[in-house]
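First comes the structure, then the notes that go with it.
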Amino acid sequence: MPVNRARIAVFVSGGGTNLQALIDAEKAGAIPSGEIVLVVSNNKNAFALQRAQAAGIPAQTVTRRECGSQEVFEESLVRLLEEYEIDLIILAGFLSILSAEFTRRFENRIINIHPSLIPSFCGKGYYGLKVHQEALARGVKVTGATVHIVNEIPDGGRILLQKAVDILPEDTAETLQRRVMEQAEWILLPQAAEQVSAEIIKEKERAT
Ligand code: GRF
């Protein structure tokens, strides 16, 4: 039986520019195999929630704090994912670490965007400006972004796509962060969303 499109949930915590890139790409027809049907935030004040609303995508907030424990937090996430029949989870600036139990449950079905060329400047504690500060401090001349499968090791899963970005002599962490987003993240994440969605559809069709 033909399966139309993979159902995508995007997990966010902050500004949501990567979510916006996904929304825009879908609108432009660049994710024909997938459809964003849910946005989940772990932060009530995330601007990403407004982006979801503006795009008419259902958005839900689940906070670790209100849930009281990682277990209850993840149970709430799983309930939502089941309710919306999600096939693919995209972490787009989602700042909460997910347990091994969670990542195993959705094996090969969670992807993340990281703002460096993994294995450089990645792993626990490497998020936000810190990634770019460390790249500048080390003096590397090229950085970039990576989309990878999420497993139990932070930033440790199989690499799907990477794109390099030059570091300029006058760069600050802020200018570098912006350029990595513009030249790499916002391009790679929609590409990866389409790639994995297409794989999911093929797999589902084989199974029916
Ligand atoms: C991006 O740099 C992304 O690579 C990282 O967190 C940031 C999120 O930005 N994982 P935004 O919320 O998508 O604007």
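The values are calculated or read from the model by the stated rules, or taken from the named source; none is laboratory data. Predicted model, so just to flag it, every value in this text is computed and none were measured. Here the Cβ is made from the backbone with ideal geometry for all residues, glycine too, and neighbour counts use every protein chain on show. Calculation scope for accessible area: heavy atoms of the full protein, side chains included, ligands and nucleic acids excluded. Shrake-Rupley method; radii C 1.70, N 1.55, O 1.52, S 1.80 Å.
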Residues of the stretch 102-143 with backbone N under 18 Å of the label point set 7 Å from the Cα of Glu203 along Cα→Cβ are 102-113
Taking the Cα centre of the chain as origin, sum charge times position over the Cβ atoms of Lys and Arg (+1) and Asp and Glu (-1), and report the length of that vector in debye to the nearest 20. 160
Trypsin sites (Lys or Arg not before Pro) restricted to DSSP loop in the stretch 154-208 with at most 13 other C-beta within 10 Å: Arg158
When Rg is the radius of gyration of the Cα atoms in the chain and Rh is its Kirkwood radius, what does Rg/Rh come to? 0.96
Ignoring GluC sites (Glu not before Pro) buried by more than 11 other Cβ within 10 Å or outside DSSP loops, the longest site-free run in the chain is 1-84
Mean-square fluctuation maximum in Gaussian network of the chain, Cα pairs under 10 Å, restricted to Thr172, Thr63, Thr146, hits Thr172
Given axes a ≥ b ≥ c from the Cα gyration tensor, I'd like to know whether the stretch 32-104 is rounded (a/c under 1.5), prolate (a/b larger than b/c) or oblate. oblate
Can you tell me what share of the DSSP beta bridges in the chain is antiparallel? A percent to the nearest 5 is fine. 40
In whole angstrom, note down how far apart the Cα centers of the stretch 74-141 and the stretch 1-32 are. 16
How large is the accessible surface per residue of the chain, computed with a 1.4 Å probe and reported in Å² as a whole number? 50
Candidates per trypsin sites (Lys or Arg not before Pro) in the stretch 62-154, loop by DSSP, up to 12 other Cβ within 10 Å: Lys124, Lys141
Sulfur and carbon atoms: percent of accessible area, the stretch 6-207 [1.4 Å]: 49
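Run lengths n ≥ 4 of DSSP H only: what is the helix-derived mean residue ellipticity at 222 nm for the chain, with -39500 (n - 2.57) per run over all residues, to the nearest 500?
Rounded to the nearest 500, the figure is -12000 deg cm²/dmol.
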Say we join alpha carbon atoms closer than 10 Å with springs in a Gaussian network model of the chain; which of Ala192, Ala135, Ala145 then has the biggest fluctuation? Ala135
